[in-house]
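Asker: Take a look at the following structure, please.
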Amino acid sequence: MTEQYDVIIIGGGMVGLTLSCLLAQNDIKVALIEAQQPEDLDASAPYGLRVSAISKSTQQVFKNTGAWQGMLNRRACAYQHMHVWDATGEGCIHFDAAEMGLDSIGHIIENRIIQFSLYEQCMKLASLNLFCPQQLSEIKISDSGSEIRLADGTHLSARLLTGADGANSKVRDAANINVNKSEYNQKAIVAVVKSSLHHKDTAWQRFLPSGPLAFLPLGDGSCSIVWSADNARADELLAMPETEFIQALENAFDGTLGRVEKISQLAAFPLARRHAEEYVKA
């Protein structure tokens, strides 16, 4: 037996969950398929390495889903300033929330908190059926709509199938949507650091010859760093002992926040461009 929906969404990350919430709130019958079960945050857990800078417009979208307060209740850091400068010090720009008549420019929030808060809200919606954790096995697309089969044998169909399943999207492949790809030949190094000076509720970014370095403020006074560098330089940094990496980080950031007193384990991922040639396939 095939279960019929208005919309099937593949992928329960931030995008898929947000879309699911907004559609289901308008009495649209939605099926959301996600392979990984989101987990709530233990308040004592260390900060995650993947964070997002949430602008005022995105904040409003999250308010519309009903999930925004859940994010604030867990962990979110509002920032009032943004300071960007280059390696030579000849060019810089500073943004101040008060000068723009705002209470903040945005918030830095861990991706896992955003995801779980949205998931928590989705669980309350009668028009939304969550298949999670559940694996997608097969997609069939025809003129009359789409049908999918899950790993447990469940069959679902809908007139609209939406892919929110990432860079290697099965939905995009099934719809024969081409994607333009290009490699930046860079890696982003991420970590959480505690410096001797407070971040001053500021998102900092310095543009270096090999790539930008960002210090993004977190609620306990620490910062999430994202250091993008050419592959050769990134590999060199990743191979350094911790003390050498800290020294390189302090030098690259021009000592703006003083000494780095504590640093988490490093992680890195390659940077690449992926752009679908079409967003809709009828």
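The values are calculated or read from the model by the stated rules, or taken from the named source; none is laboratory data. Keep in mind the model is a prediction, meaning the values are calculated, not measured. Here the Cβ is made from the backbone with ideal geometry for all residues, glycine too, and neighbour counts use every protein chain on show.
Asker: Do we find a residue being part of a strand (DSSP E or B), out of contact with any Lys or Arg (no Cβ under 9 Å at 6 or more places or on another chain), of a type in the set (Gly, Ala, Ser) and at pLDDT 95 or above anywhere in region 37-52?
Answerer: Yes, region 37-52 has at least one match.
Asker: Which residues, taken from region 184-206, are under 20 Å from the mean Cα position of the chain (by Cα) and over 20 Å from Glu242 (Cα atoms)?
Answerer: Once the filter is applied, which keeps residues that are under 20 Å from the mean Cα position of the chain (by Cα) and over 20 Å from Glu242 (Cα atoms), region 184-206 yields Tyr184, Gln186, Thr202, Ala203, Trp204, Gln205.
Asker: So for region 89-103 (the condition being outside the structural domain of Leu218 (by TED's automatic domain parsing) and surrounded by 21 or more Cβ atoms within 10 Å (Cβ to Cβ)), does at least one residue qualify?
Answerer: No: zero hits.
Asker: Next question, about the same structure. For region 270-282, how many residues are farther than 25 Å from Asp86 by Cβ and surrounded by 12 or more Cβ atoms within 10 Å (Cβ to Cβ)?
Answerer: 4
Asker: Which ones in region 102-115 are in contact (Cβ under 8 Å) with a residue 60 or more places away in the chain and of a type in the set (A, V, I, L, M, F, W, C)?
Answerer: If the condition is that a residue be in contact (Cβ under 8 Å) with a residue 60 or more places away in the chain and of a type in the set (A, V, I, L, M, F, W, C), then Ile105, Ile108, Ile113, Ile114 are the ones that fit.
Asker: While we're on this one: Could you check how many residues of region 127-172 are closer than 22 Å to Ala24 by Cα, among the small types (Gly, Ala, Ser) and touching a residue at least 40 places away in the same chain (Cβ under 8 Å)?
Answerer: Looking only at that region, the number is 7.
Asker: Could you check Leu118 against (1) assigned to a strand (DSSP E or B); (2) touching a residue at least 60 places away in the same chain (Cβ under 8 Å); (3) within 30 Å of Asp201 (Cβ to Cβ) and say which number it fails?
Answerer: Result: Leu118 passes all but (1).
Asker: Test of understanding: among Arg274, Arg233, Arg206, which residue is at pLDDT below 95 and outside any loop (DSSP other than H, G, I, E, B)?
Answerer: Checking each option against the conditions leaves just Arg274.
Asker: Kindly indicate the residue of region 151-186 that is of a type in the set (A, V, I, L, M) and under 20 Å from Leu23 (Cβ atoms) and also surrounded by the fewest Cβ atoms within 10 Å (Cβ to Cβ) among those meeting that condition.
Answerer: Per the criteria, the residue is Leu160.
Asker: Out of curiosity, is His83 surrounded by 19 or more Cβ atoms within 10 Å (Cβ to Cβ) and closer than 23 Å to Arg50 by Cβ?
Answerer: Here the answer is no, as His83 does not meet what is asked.
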